[in-house]
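Written out below as structure tokens is the structure these notes cover.
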Amino acid sequence: MIWETANLIQPEGKRLLSGIERRGLFILAVFLVASGFFRSFWLSSSLAMGGVISMFNFWGLRTIIEKALNTRPRFLLALFIKFLLLLGVLFLLIVYANVHKVAFAVGLSVAFISITWEGFKGHRKANGEG
């Protein structure tokens, strides 16, 4: 698995990941503007929290993977610690903070939507459609 990540460090892979991050922030901004129509700070802030956590998680994974090639044991430990921190933050926000569950889930999906978008874009390029 670690050997497969080597292409992420190449310039093309870095551009791809940067594009996913930029698109994710753009999608989050569009969602936040759209949430303004509901005139609910609770909904908008829950959406923002989910989106920020999602994009921060993506950035954290990218950073850990880029440093992973030379440090496999530390990579696995860093990944495990990041995962536990993410679970802890999600647990605290869902159980103890009064977040809007649906808006929070939509915010958490921002990175997934961005990655899927990039996948469709790459598929279209490969098939000569776009």
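More than 15 Å from the chain's Cα centre (by Cα) and either part of a loop (DSSP other than H, G, I, E, B) or on the phi > 0 side of the Ramachandran plot (or both) - does that describe any residue in region 78-90?
Within region 78-90 (the criterion being more than 15 Å from the chain's Cα centre (by Cα) and either part of a loop (DSSP other than H, G, I, E, B) or on the phi > 0 side of the Ramachandran plot (or both)), the answer is no, since none of the residues qualifies.
Residues of region 35-57 being exposed (fewer than 13 other Cβ atoms within 10 Å of the Cβ) and either closer than 12 Å to Gly107 by Cβ or touching a Ser or Thr at 6+ places or on another chain (Cβ under 9 Å) (or both), which ones?
If the condition is that a residue be exposed (fewer than 13 other Cβ atoms within 10 Å of the Cβ) and either closer than 12 Å to Gly107 by Cβ or touching a Ser or Thr at 6+ places or on another chain (Cβ under 9 Å) (or both), then Gly36 is the only one that fits.
Can you name the condition, by its number, that Phe91 falls short on among (1) farther than 21 Å from Leu28 by Cβ; (2) crowded, with 16+ Cβ neighbours inside 10 Å?
Here Phe91 clears every test but (2).
Within region 61-70, is even one residue at pLDDT below 85, more than 18 Å from Phe31 (Cβ to Cβ), outside any helix (DSSP H, G or I) and of a type outside the set (S, T, N, Q)?
Yes, there is a match, as at least one residue in region 61-70 is at pLDDT below 85, more than 18 Å from Phe31 (Cβ to Cβ), outside any helix (DSSP H, G or I) and of a type outside the set (S, T, N, Q).
Does region 91-115 hold any residues that are of a type in the set (A, V, I, L, M) and outside any helix (DSSP H, G or I), and which are they?
Ala97, Val99 - these are the residues of region 91-115 that are of a type in the set (A, V, I, L, M) and outside any helix (DSSP H, G or I).
State whether the residues of region 103-119 include one that is exposed (fewer than 14 other Cβ atoms within 10 Å of the Cβ), without any contact (Cβ under 8 Å) to a residue 24 or more places away in the chain and over 23 Å from Gln10 (Cβ atoms). Lay out the reasoning, then the answer.
In the first step, residues of region 103-119 are kept if they are exposed (fewer than 14 other Cβ atoms within 10 Å of the Cβ); the result is 112, 116, 119.
Still in the running and without any contact (Cβ under 8 Å) to a residue 24 or more places away in the chain: 116, 119.
After this cut, where a residue has to be over 23 Å from Gln10 (Cβ atoms) as well, the list is none.
No, the conditions are met nowhere in region 103-119.
The values are calculated or read from the model by the stated rules, or taken from the named source; none is laboratory data. These figures come from a predicted structure and were not determined experimentally. Every residue, glycine as well, gets a Cβ built from its backbone with ideal geometry; the counts of neighbours run over all protein chains shown.
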